[in-house]
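Asker: Handing you a structure now.
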């Protein structure tokens, strides 16, 4: 575990600065890819709405780059299109073994943000096989992110780089300080919270989502 996390930290290059165009690039990218995959299937927006459980208006706004959807919303669209979140979110040149800067996926007004650094390659011939995703999260003091349940059996590894992270799950809260790690089941409602006075920065590895 320690060796794996050291490797992660050595291969990371940089993080998008708050206020950059990274979020806009992300919104445009997923909109283009959802529209392309939908048309490849010969689906109308209404058909995708019925398959994903999302509204037609939301999907139209996503495809046109007018919406800033939640991570859960993008994931629901991805599953309906037989793909995954990482395939919609990451740049096309995010190949195995290549160093990348990451994609700023979520950002709050207080500076809290989620950076998707990369994902493992799906097994050859697989369609909806879950992949492992690597994230770097920052939560400002008082910041919180409420997550929706992942697929059954999904898990997450969290490793705190600085500050104190509170993981709120259905079974209770865990508080992690700098240098501490934990594994939690993410097929339940859960939240990341910063109850401290300084920002918390942590790595998140998602498996089976």
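The values are calculated or read from the model by the stated rules, or taken from the named source; none is laboratory data. Since the structure is predicted, the reported quantities are computational estimates derived from the model, not experimental observations. Cβ sites come from the backbone with ideal geometry, for glycine too, and all protein chains shown count toward neighbours.
Asker: Please report, ordered by residue number, the helices (runs of 4 or more DSSP H) entirely within the stretch 22-72 with at least 1 residues that are within 16 Å of residue 90 (Cβ to Cβ) and without any contact (Cβ under 8 Å) to a residue 24 or more places away in the chain.
Answerer: Result: 22-40.
Asker: Working carefully through the options 117, 161, find the one that is part of a strand (DSSP E or B), touching a strand residue (DSSP E or B) at 6+ places or on another chain (Cβ under 9 Å) and at pLDDT below 95.
Answerer: After applying the criteria, what remains is 117.
Asker: Looking for whichever is out of contact with any strand residue (DSSP E or B) (no Cβ under 6 Å at 6 or more places or on another chain), modelled with pLDDT of 90 or more and within 24 Å of residue 108 (Cβ to Cβ) here; the options are 77, 49, 72. Which one fits?
Answerer: Result: 77 is the single residue among 77, 49, 72 that is out of contact with any strand residue (DSSP E or B) (no Cβ under 6 Å at 6 or more places or on another chain), modelled with pLDDT of 90 or more and within 24 Å of residue 108 (Cβ to Cβ).
Asker: Looking at this structure, is residue 88 under 16 Å from the mean Cα position of the chain (by Cα), modelled with pLDDT of 85 or more and not in a helix (DSSP H, G or I)?
Answerer: no
Asker: Considering only the stretch 44-65, state which residues are under 15 Å from residue 79 (Cβ atoms) and surrounded by fewer than 16 Cβ atoms within 10 Å (Cβ to Cβ).
Answerer: Within the stretch 44-65, 47, 50, 53 meet the criteria.
Asker: So, residue 18, is that one within 21 Å of residue 206 (Cα to Cα) and at pLDDT below 85 or not?
Answerer: no
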